[in-house]
Every structure is written in C-alpha cells, then in structure tokens.
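Below is one structure, written out as structure tokens, with a few remarks after it.
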Amino acid sequence: MKYNDNPMKRKTTNDPDGIRSIKEDARRYIWHPFTQMAEWEKAMPLIIERGKGVYLYDMDGKRYLDGASSLWVNLHGHRKAALDRAIKNQLNKIAHSTLLGLTNVPAIRLAKKLISKAPKGLAKVFFSDNGSTAMEVALKIAFQYWRHRGKPRKTKFISLVNAYHGDTIGSVSIGGIELFHGLYSPLLFPTVKVGAPYCYRCFLNKTYPECRLACADAVETILSEHHPETAAVVIEPMIQGAAGMLTWPPGYLKQIRDLCTRYHVLLIADEVFTGFGRTGTMFASEHERVTPDLMAVAKGLTGGYMPLAATLATQEIYDAFRGEYREFKTFFHGHSYTGNQLGCAAALANLEIFEKERVLEKLRPKIEALARFLKPLQGHPHVGEVRQIGLIAAVELVKDRTTKEPYPLEERWGWRAAQEALKRGMILRPLGNVVPLLPPLSVTLPQLKKMVSILEESIRAVTET
Ligand SMILES: *Cc1c(COP(=O)(O)O)cnc(C)c1O
C-alpha cells in the first residue's frame, strides 16, 4: 500500500505498510548532515510530520518538545499563524524572481525594517540563503573593501579558537573546531587564531574578574603585530554556539570593538545564531552597545521558516564599492535565490511579530525563570558548568568535577543524555559533552519548566548509572 500523505485519512484507513515503506526509504536515500550514516541506517529514524507551537509530531502521532528550536532557528513556535499567513499571501503574488537586475517588494520592505532594528550604523543589506554564505559574503566584502581603500596588504582574518562560522570553505577557514575543521586544513586559507574567552577552561588559567580580561589583551598583542595585513576580526558576539554554548565574560565584546577601531581593522559579527532575540536582545552586539562593520544574520531571520540570510554593512563600506563600472569595484557575488520573495515575506512577518507581540519584553521573565529552573543542575556531580545567556542554556558534562577532566568524546555522554531526553519526549541536539537547551522564544513558563526537568532527569539517568 502507498503511504498516505493525509494523516487524518491514514488514521482511519490504518495504513501501517505505507509508514513502514517511508521509514525504509528514510534510510535508503538521504545522506544526513553531521551524521554517521552507518549508525543512522541501523536506528529507527524519527520522521517529523507536523509541528504546533513548541511541539513536533512524528508520523505515528507521537509528540516531542522542540528543545533545540529545530537547530536554533525557530522563534515563535511551529505553525505560527502570522508567519503561515505571510507566506500564503506572498504565494498568491509570486514565489521568486531575481535580485540580479531586478528588485522586489518584500526584499525592499525587509531590508528597510532590518536596518531599523540593527545596531546603529549598519545601513545596507546584502541577501543570501544561509549562515555560511552570509559569512562568505562578509569575508569577501571585507577583503575587497581594503583593496578599494588602497590597502591591498590587508587580506588576513583573525578569528577565535573554537569558532564556528559555517561549513563552506571560507567559513571553515575562519573556524576553530578541530573535530569539524581540522581535516580540511589543506583546503583552507591561512588565518590568525587567538584564544577564546571560555572562562570555565581559561586558556590563560586565570579567573574572571581578577583576570581583568587578559584574553582581550591577547587579541591586542596579535593586532599590534598583524594589523597592517589584517582585513577583519571575526567573532560570534557574546556566545560561541557550536563550540558548546561558550558564553563570554562581560566587557570582552566591547574591548574587541575598541581594538578593531584603534588598529584600523574591520569587525565582522556573526549573528547567525545570536540574532533575533535568542540572547535576550534583538542582536547580541547590543549587550555591549557595539556596532560591527559587517554583520551576518540567518537562522532566526525568518522565524525558522525559510532559508534566508543577510550580510549587513555600514555606509562607509558600501561607499568604498561605488564608482564607474569600468573601475570594476562592483561586488561580484550573488546567489540564484538571493532576495527570495517567500523568504523575505516570512522575515518581514517575523520582525512584525517582535513588534506587535512585544517578544523581547515578554522574554525577560522567561529568562529569569530559566535561570531559576537550572539552579539545581549546578550541584550535580557530573555537571562541570551550567551556562546561560537569554533563552540559551547549556550543561557541560565532565568526568570529574574537581579536576574538570572531560569525558572522552567517543563515549558520547552528550548524545546519551539526548537519547534519554528523547525517551521522555524532548528533542535535544548535543554538542560533544555539552547538552544545550534552546526553547523557541514563544515557550510558556510551564513548558520551560517541563523542558528543564526533562533535561535534568536525562542527565541524571546517564551519569548516575
Ligand atoms: C549555524 C551557524 C552558521 C552557519 O549557518 P548555516 O545556515 O547553517 O550555513 C554560521 N555561524 C554561526 C554562529 C552559526 O551558529
């Protein structure tokens, strides 16, 4: 029997053969990202069919809390009426036309709205499709900017240890996660790496605040030596996400901004993950009143609905590219789906939801509650550190709390905890020994409490046996 697309009909006709065949096909045709496929082929894949609010539903109708915001993208829950409507309305007009030689209404309106929300000083929007390409665009603009400014020696990038900026070759070049990036080193352009402000495992063996941000001084040391050949410093402001939700000590971001200004180097903020309220402010750069020269956004831009991204630039950078055509100062870069109307309509609706529903204001009590709910976890024998910024929480599991000795990665403690959470009805995506919890911003207090209690039970279940 053929798989019936309509779950209501399927229920009445009871169509187990159809479900079985799609489960077989799920293992037969798709090569999954960041996934050991030999293992995937053996397991029963979880096939998501619908979503509503903070819940995802599989083909058997089983319900799960979306504790990873569908990999850090979802903001207002699934099937958000205003987003559904915006896309349907746009579909009645057109799905897509190009930004090469033409423009379109939702892209224009979105660009204006985005600039009105962005840190003051950002003035122009360059669209692309995903976080990695938004970062590629930032790198190429920074490089080309210095050409046009008559400083062709400024070609290098300084980035942080543990950085994650995406999976394309340029963004991998500025990445610093050995497990993901090490293998590709022969393909990458050279960058200067500097230690990251990961206080729990300080690379300078110091303690905040007595350290007086010695890690920022380390950036200055590197800048004072390399600034004549450096185009930009690249950062994930306030929190390094993929590295394990490593939150920054207060003051570091501001210092990096000041150093970039002082040494005539651009600051590229990768807000792909942190943008759109995730850290409690619209953009993480706002925590320290910083305006980057270039800013990449993606994940939450459409509320988690459509693949759309953008790189924002200052007027000064934009102006350096202006000239006669024959000067060839044009930014020769663009993608087939740049400025996609459906994506832009969703993003515009997303930003309107922030205004109409006062999302950031309503976030404050949730952020405080999350901190409260997380407290008991801090005393657990295998919890090294509990980190939080905004509605992002993460628990770093350790073998030994006193020495901070990590569990060996191949023992997969984070993954085991996520498996336990799945049994208890919540989807989590571990990062090595770190178990992050990222509820959609629309989560209610009781749902948040439930999520943290499943997180805690799951960690107990794996570490106390
Ligand atoms: C996810 C992420 C990216 C890459 O975005 P994609 O849309 O997955 O290409 C880049 N930077 C940061 C900080 C991210 O979290």
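Maximal additional length on extending the residue 201-residue 81 stretch stands at 38.8 nm, based on 0.36 nm per residue less the C-alpha distance. Using the Karplus relation 6.51 cos²θ - 1.76 cosθ + 1.60 with θ = phi - 60°, the per-residue 3J(HN,Hα) values for the range 427-438 come to 9, 10, 10, x, 10, x, 8, 9, 10, x, 10, 10 Hz, with x marking Gly and Pro. Give the shape of the chain as rounded, prolate or oblate, defined through the alpha-carbon gyration tensor: a ≥ b ≥ c are the square roots of its eigenvalues, a/c under 1.5 means rounded, and otherwise the shape is prolate if a/b is larger than b/c and oblate if not. Because a/c hits 1.5 or more and a/b fails to exceed b/c, the chain counts as oblate. Given a 1.4 Å probe and the protein chains all in place, what does the accessible area of residue 423 round to, in Å² to the nearest 10? The value for residue 423 is about 150 Å². On the basis of the beta-carbon distance and an R0 of 30 Å, residue 112 and residue 151 show a calculated FRET efficiency of 0.40. Stretched out straight at 0.36 nm per residue, the stretch from residue 22 to residue 358 would grow longer than its current Cα-Cα span by 116.8 nm. Using only the C-alpha atoms, the convex hull of the range 378-453 corresponds to 91 Å³ per residue. Evaluated over the range 295-385, the count of Lys pairs having alpha-carbon atoms less than 23 Å apart is 6 (only pairs 8 or more residues apart or interchain).
For the range 103-151, the spread of Cα coordinates along the three principal axes comes to 36, 23, 21 Å, biggest extent given first.
Relative to the globular-protein estimate of 2.2 N^0.38 Å, the Cα radius of gyration of the range 70-128 stands at 1.34. Of all DSSP beta bridges confined to the chain, the antiparallel ones make up roughly 65%. Separation of the range 106-173 from the range 208-249 is 18 Å, based on Cα centroids. Here the mean projected area of the convex hull built on the C-alpha positions of the range 314-465 is 14.6 nm². According to the Cα-based calculation, Rg over Rh for the range 272-386 is 1.11, with Rh computed by the Kirkwood formula. Using only the C-alpha atoms, the convex hull of the range 208-287 corresponds to 96 Å³ per residue. Most tightly packed first, judged by the mean number of other beta-carbon atoms within 10 Å of their residues, the peptides 368-378, 264-274, 395-405, 169-179 read 264-274, 169-179, 395-405, 368-378.
In summary, the aspartates and glutamates within cross-link reach of residue 449, defined as a Cα separation below 20 angstrom excluding same-chain residues under 8 places away, comprise 66, 361, 368, 385, 396, 420, 457. The orientation-averaged shadow of the Cα convex hull for the range 414-465, equal to a quarter of the hull surface, comes to 3.4 nm².
Extension gain for residue 120 to residue 372 (0.36 nm times residue separation, less C-alpha to C-alpha distance): 87.4 nm.
The sum of -39500 (n - 2.57) across all DSSP H runs of n ≥ 4, divided by the residue count of the chain, sets its helix-only mean residue ellipticity at 222 nm to -11000 deg cm²/dmol.
Across the range 162-242, the volume of the C-alpha convex hull divided among the residues equals 107 Å³ per residue. DSSP beta bridges fully contained in the range 194-339 are about 45 percent antiparallel.
The values are calculated or read from the model by the stated rules, or taken from the named source; none is laboratory data. The structure displayed is predicted, hence computed values, not measured ones. Positions of Cβ are backbone-derived with ideal geometry, glycine not excepted, and every protein chain shown enters the neighbour counts. Just the protein is used for accessible areas: all its heavy atoms, side chains included, with ligands, DNA and RNA removed. Shrake-Rupley method; radii C 1.70, N 1.55, O 1.52, S 1.80 Å.
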